[in-house]
Amino acid sequence: MFNEKLGRQLNIGVFLLKTPQDEELGVFTGYDITHRIEYESRLKTLAYTDSQLGIGNRTAFHHDLKKMAESGSSGHLCLASIRNFDNINMLFGRERGDRILEAFAESFMKKTAGGQVYRVGGCKFATTVETYEAGCDMLDAVWKDVYTCLSPEEKNFPVPVDTVFVEFPRFAASPEALLLNAEYRLKSSREGGAEKRMRFGERDRQMMARRSFLTSVIRRAMENGAFQVFYQPIYTVEKADYRKAEALLRLHDPQLGFIGPNEFIPVADAHVR
């Protein structure tokens, strides 16, 4: 309990005793636990806060999104990733790179509902918005804020911010699944100079399901020796004969049919060790 007169948090206990005359006697004890509560509060803050930017970290994101899911809330996850950030650090130095990150964090704090923004990666920020359109308006306002903080030379260097919106709970309910979906969409659209604002959709979900199933197919094929090698002869015009052959790796699955190397090789390289 909090004692207003003392301004301290106290833990009050009571022991029931009996006197020689068989009368009940209550003995009250009090312990000052103010420092312990303050210490626990600091530990919680450290556990849920990004030490560099002072905003929520990935742990806080999981905690808050889980509470939203349990309450039945709906909306869109907004994952914003600063592209070419390694180049920014190399060209301008880490100190100025950190300043740019801090500018993004401060602006996100001001422009998001309740200041709920999280750093979920080195240069990745996550928040929630009600609609895709509201998210785009928020991103425009954030970039306008950040741009005013850039030096003239930094303004001449492209700093595209790629963003993915994932509707929840339609496409995912758990925090980890939301981030996984957003990261997949982000990685599948990395090419191009201008920034991208993407929406995770049904086709993306189907492609992720196929990719996941294909990973298990590749693992089984490696264990069972199911990969096939075909040799395609190469005709030499000058010699008018066949001097060599090209080895072609092929994979067939009873459910998926023939799977082209342009599909299974990237999956094997990324997920199968």
Original post:
Taking residue 183, is it touching a helix residue (DSSP H, G or I) at 6+ places or on another chain (Cβ under 9 Å) and assigned to a helix (DSSP H, G or I)?
Top reply: no
Subject >> Subset of the stretch 64-109 [open to solvent by 70 Å² or more (accessible area, probe 1.4 Å) and in contact with a Pro (Cβ under 9 Å, 6 or more places away or on another chain)] >> reply: 66, 74
Original post:
Taking only pairs six or more apart or across chains, which ones have beta-carbon atoms under 7 Å, a first residue in the stretch 208-223 that is under 13 Å from residue 256 (Cα atoms), and a second residue that is assigned to a helix (DSSP H, G or I) and open to solvent by 80 Å² or more (accessible area, probe 1.4 Å)?
Top reply: 215/271
Original post:
For the subset of the stretch 155-185 comprising residues that are modelled with pLDDT of 90 or more and under 18 Å from residue 87 (Cβ atoms), which member is nearest to the chain's Cα centre (by Cα)?
Top reply: 162
Subject >> Residue in the stretch 91-99 that is among the small types (Gly, Ala, Ser) and either modelled with pLDDT of 80 or more or out of contact with any Phe, Trp or Tyr (no Cβ under 9 Å at 6 or more places or on another chain) (or both) present >> reply: yes
Original post:
Looking at the stretch 31-55, which of the residues that are open to solvent by 60 Å² or more (accessible area, probe 1.4 Å) and among the hydroxyl-bearing types (Ser, Thr, Tyr) is modelled with the lowest pLDDT?
Top reply: 39
**OP:** Run residue 58 past the list (1) modelled with pLDDT of 90 or more; (2) in contact with a helix residue (DSSP H, G or I) (Cβ under 8 Å, 6 or more places away or on another chain); (3) surrounded by 13 or more Cβ atoms within 10 Å (Cβ to Cβ); (4) not hydroxyl-bearing (Ser, Thr, Tyr) and report the number of the one that doesn't hold.
**Re:** (2)
Original post:
Which one of these does residue 232 not meet: (1) under 28 Å from residue 61 (Cβ atoms); (2) touching an Asp or Glu at 6+ places or on another chain (Cβ under 6 Å); (3) of a type outside the set (Ser, Thr, Tyr)?
Top reply: (1)
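The values are calculated or read from the model by the stated rules, or taken from the named source; none is laboratory data. Being a predicted model, the structure only gives us computed values, none of them experimental. Note: ideal-geometry Cβ built from the backbone for every residue, glycine included; neighbour counts use all protein chains shown. What goes into the accessible areas is simple: the full protein's heavy atoms, side chains included, and nothing from ligands, DNA or RNA. Shrake-Rupley method; radii C 1.70, N 1.55, O 1.52, S 1.80 Å.
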